[in-house]
Amino acid sequence: MYQKNRAWVEIDLENLKNNIRQFRKILPPDCELMPAVKANAYGHGAVPVSLELQKNKVENFCVASAEEGIELREAGIKGQILILGYTHPRLFPELCAYKLTQTVVDEKYARVLDQSGKKLSVHVGIDTGMHRLGERSTDTEKILNMWNLKNVRITGVYSHLCVSDGSTEEERAFTQRQIKRYDELIRTLHYAGITGFQTHLQGSYGVMNYSDLHYDLARVGIALYGTLSSPEDVVRSRIHLEPVLSLKARIECIHLLHSGERVGYGLTYTAQKEMKIAVVSIGYADGIPRQLSNKGYALVNGQKAALIGRVCMDQLFLDVTNISPINPGDEVVFIGESGEKKISADRIANWAGTISNEFLSRLGARLPRVTILKT
Ligand SMILES: *Cc1c(COP(=O)(O)O)cnc(C)c1O
């Protein structure tokens, strides 16, 4: 069926390939990518994205849940799939059956995994300062004890940086402390005769801002999709990323308003003069946040059109007074290029008061993901 009907997402796999190459260029030669394809690959579509990554010799993936891991296995993903979060013991048989690698979220959970009697592959999460998952890096006793468990096979030890996107002196110092704590723990493990596990610490910003680090895997997410989290971010490494995702919808109809007439739910926008408005077939159920009401713009035929009125569930309004030609059925670009102009995911996310990671991962399930492969 025709997919570019009312609202859709376009995925440019050529740009994804570019971003893979760019990351491989700045990573040490023996460090492998372990892309984060959680949350439907940040809204891009976990299966098509992972299949393309696999085609490009990516052999490690991270997801948020067992369900996401199973989806990838059923689609034919062969490499290591690490679940970054909690899995209920009722699903431990699935971890085994689908050969998924589970994160050990703390010492207690390590024992639960062990007592299941299943031979499970795990990566041990280590807390170096974020206080999300893992035992404290300094609780070496608790961490070392995990190697005495009979059923869990520890194939990795990792931690997570929480201010690696920051460039203030304080944020850089905190990140250096996290790196030091992680390295010290790894040294302690080696000293105790424990080897043969993979190390990883960096996400996108960890790689882009601390590219001299040297671990086995790099868990890149947002930047692999070709966008920064926020338009204000500056990164220290030279990397040329291309946006993978475009977000588009169509003009349903065009109205002329008289001065003083008001628009949409709550009548929050008032025409100050004669104006032309367009109703567009996309709304908050598709992932355009209601916070964008009366904020930002979209592109129509290479020109900017301001969002006016409240964003509805399935529709929104644009001021198209100065745009011509313009017709019902025309494409409206929310993320991507139109003529000479473009809007990046971090930009529209910023208008909505958030980061591209959240904006993209909340794109609606009803948007078809149309993959395009330029040749
Ligand atoms: C989501 C996530 C990543 C990827 O982060 P990006 O900033 O998108 O690159 C890496 N590691 C962990 C533990 C995560 O939860």
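Just one of the listed residues (ALA271, ALA285) is within 25 Å of THR371 (Cβ to Cβ) and out of contact with any His (no Cβ under 6 Å at 6 or more places or on another chain), and it is ALA285. The criterion of at least 2 residues that are farther than 19 Å from ALA345 by Cα is met by the following strands (runs of 3 or more DSSP E) wholly inside segment 259-309: 275-280.
For segment 207-222, the set of residues classified as farther than 18 Å from ALA64 by Cβ and either within 8 Å of the ligand (Cβ to nearest atom) or in a helix (DSSP H, G or I) (or both) consists of VAL207, MET208, ASN209, listed by residue number. Residues that are among the hydroxyl-bearing types (Ser, Thr, Tyr) and away from the ligand (no atom under 14 Å from the Cβ) were ranked within segment 1-53; the one that is surrounded by the fewest Cβ atoms within 10 Å (Cβ to Cβ) is TYR2.
The set of residues in segment 82-133 that are within 16 Å of the ligand (Cβ to nearest atom), polar (S, T, N, Q), without any contact (Cβ under 8 Å) to a residue 40 or more places away in the chain and part of a loop (DSSP other than H, G, I, E, B) contains only THR87. Scanning segment 322-337 for residues that are without any contact (Cβ under 8 Å) to a residue 60 or more places away in the chain and surrounded by 17 or more Cβ atoms within 10 Å (Cβ to Cβ) yields a single hit, ILE323.
Taking every residue in segment 146-158 that is touching a residue at least 24 places away in the same chain (Cβ under 8 Å) and pairing it with any residue that is acidic (Asp, Glu), at least 6 positions away or on another chain, the pairs with Cβ-Cβ distances below 9 Å are MET146/GLU107; MET146/ASP114; MET146/GLU135; LEU149/ASP114; LYS150/ASP114; ASN151/ASP114; VAL152/ASP114; GLY156/ASP216. Of all residues in segment 193-206, which are more than 10 Å from the ligand (Cβ to nearest atom) and part of a loop (DSSP other than H, G, I, E, B)? Result: GLY193, ILE194, THR195, GLY196, PHE197.
When you go through LYS248, LYS304 one by one, which is the residue that is of a type outside the set (S, T, N, Q) and surrounded by fewer than 18 Cβ atoms within 10 Å (Cβ to Cβ)?
LYS304
Among the residues here, LEU256 does not qualify as crowded, with 16+ Cβ neighbours inside 10 Å and not in a loop (DSSP other than H, G, I, E, B). Contact annotation: residue pairs with Cβ atoms under 9 Å, 6 or more positions apart or on different chains, pairing a residue in segment 197-208 that is in the same structural domain as GLN178 (by TED's automatic domain parsing) and hydrophobic (A, V, I, L, M, F, W, C) with a partner that is in a strand (DSSP E or B) and near the ligand (Cβ under 8 Å from one of its atoms), are LEU201/TYR158.
The values are calculated or read from the model by the stated rules, or taken from the named source; none is laboratory data. Please read these numbers as outputs of a predicted model, since none were measured by experiment. In this analysis, Cβ positions are derived from the backbone assuming ideal geometry, glycine residues included, and neighbour counts consider all displayed protein chains.
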